[in-house]
Amino acid sequence: MSDLSLIAQDELWMIHALTLADKAEGMGEVPVGAVIVLDNQIIGEGYNRSIIDNDPCGHAEIMAIQSAAQNIDNYRILDATIYVTLEPCAMCAGAIVHARIKRAVFGASDHKTGCAGSILNLLQHDKLNHQVEVLRGVKAEECSSKISAFFKGRRAQIKALKQANKAAQEE
């Protein structure tokens, strides 16, 4: 596969991950989506469900890895690529390594919890028994804008609630 067609393919799958992020946002979740592809076919996908499921492990990557493992009937997801809209955290990076996923492609960097190069690079740590190929910044602007808009909206909701509570107390 030529580099140009791989870039186009990576962008196409990231667009799909963004549609999954929209599903998360529609449920009040942080808008993160993930899709796992093997031989140009979706074998697993997921989106954040931590809040709705009361599950701290309910991240998009974990959902996608569990789905893919079930679909291929194997806990090793060899030769696959995971596309995720936000850089994986430590938990998700660890799961990606343990699943033996070949490539991780992500959109937005996470400078607070990102473990694919921002604060740590667990995906390529030389002491681990598997290293993952990493491609950063695919559709970065779209992915970053989605996350930023979500948190901006959430901060505005909190501010409005505080103002309403204050006004109610003054009456």
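The values are calculated or read from the model by the stated rules, or taken from the named source; none is laboratory data. Just so we're clear, the structure is a prediction, and the values are computed from it rather than from any experiment. Cβ atoms come from the backbone with ideal geometry, glycine included; neighbour counts cover every protein chain shown. The accessibility values were calculated without ligands, DNA or RNA, using every heavy atom of the protein model including side chains. Shrake-Rupley method; radii C 1.70, N 1.55, O 1.52, S 1.80 Å.
Can you compute 3J(HN,Hα) from phi for each residue in region 147-159, using the Karplus curve 6.51 cos²θ - 1.76 cosθ + 1.60 with θ = phi - 60°, rounded to whole Hz and x for Gly and Pro?
Values per residue, Gly and Pro as x: 5, 4, 5, 4, 5, 5, x, 5, 4, 5, 5, 5, 4 Hz.
Distance between Cα centroids, region 1-76 to region 144-164: provide it in whole Å.
One Cα centre to the other: 25 Å.
Under unit Cβ charges (Lys, Arg +1; Asp, Glu -1), what dipole magnitude, rounded to 20 debye, does region 32-129 have relative to its Cα centre?
Taking the Cα centre of region 32-129 as origin, the dipole is about 220 debye.
Test of understanding: what is the full-extension gain from residue 72 to residue 40, defined as 0.36 nm times their sequence separation minus their Cα-Cα distance?
Working it through step by step, the gained length comes to 10.1 nm.
If you count only protein heavy atoms with a 1.4 Å probe, what accessible area per residue comes out for the chain, rounded to a whole Å²?
56 Å²
For the chain, which whole-number percentage of the solvent-accessible area (1.4 Å probe, protein heavy atoms only) is attributable to carbon and sulfur atoms?
That fraction is 54 percent.
Given the protein chains as shown and a 1.4 Å probe, how many square angstrom of residue 27 are accessible, to the nearest 10?
Ignoring ligands and nucleic acids, residue 27 comes out at about 70 Å².
Rank-order 12-22, 130-140, 31-41 by packing density, defined as the average count of other C-beta atoms within 10 Å over each peptide's residues, highest first.
Highest mean packing first, the order is 31-41, 12-22, 130-140.
Under a point spin-label approximation (7 Å from Cα along Cα-to-Cβ), what is the residue 55-residue 9 distance to one decimal in nm?
3.0 nm
Give me the angle, in degrees from 0 to 90, between the Cα long axis of helix 3-26 and the longest principal axis of the Cα atoms of the chain, rounded to the nearest 10.
Once rounded, one gets 30 degrees.
Is it possible to state the helix-based mean residue ellipticity at 222 nm for the chain, with each DSSP H run of 4+ residues giving -39500 (n - 2.57), the sum divided by total residues, to the nearest 500 deg cm²/dmol? What is it?
Counting only the DSSP helices, I get -15500 deg cm²/dmol.
What lysines sit close enough to residue 23 to cross-link, taking a C-alpha to C-alpha distance under 21 Å and skipping anything fewer than 8 places away on the same chain?
139, 146, 152
Find which of 151, 85, 105 sits farthest along the positive direction of the dipole of the chain, computed with +1 on the beta-carbon of Lys and Arg, -1 on that of Asp and Glu, about the Cα centre.
Farthest along the dipole direction, towards plus: 151.
Can you tell me the length gained on complete extension of the stretch residue 27 to residue 112, counting 0.36 nm per residue apart and subtracting the Cα distance?
28.2 nm
Taking θ as phi - 60°, what are the ³J(HN,Hα) couplings along region 108-125 by the Karplus curve (6.51, -1.76, 1.60), each to the nearest whole Hz, with x for Gly and Pro?
7, 6, 10, 7, 9, 9, x, 10, 10, x, 6, 10, 8, 10, 5, 5, 10, 5
Heavy atoms only, probe 1.4 angstrom, no DNA, RNA or ligands counted: give me 103, 76 ranked by accessible area, highest first.
76, 103
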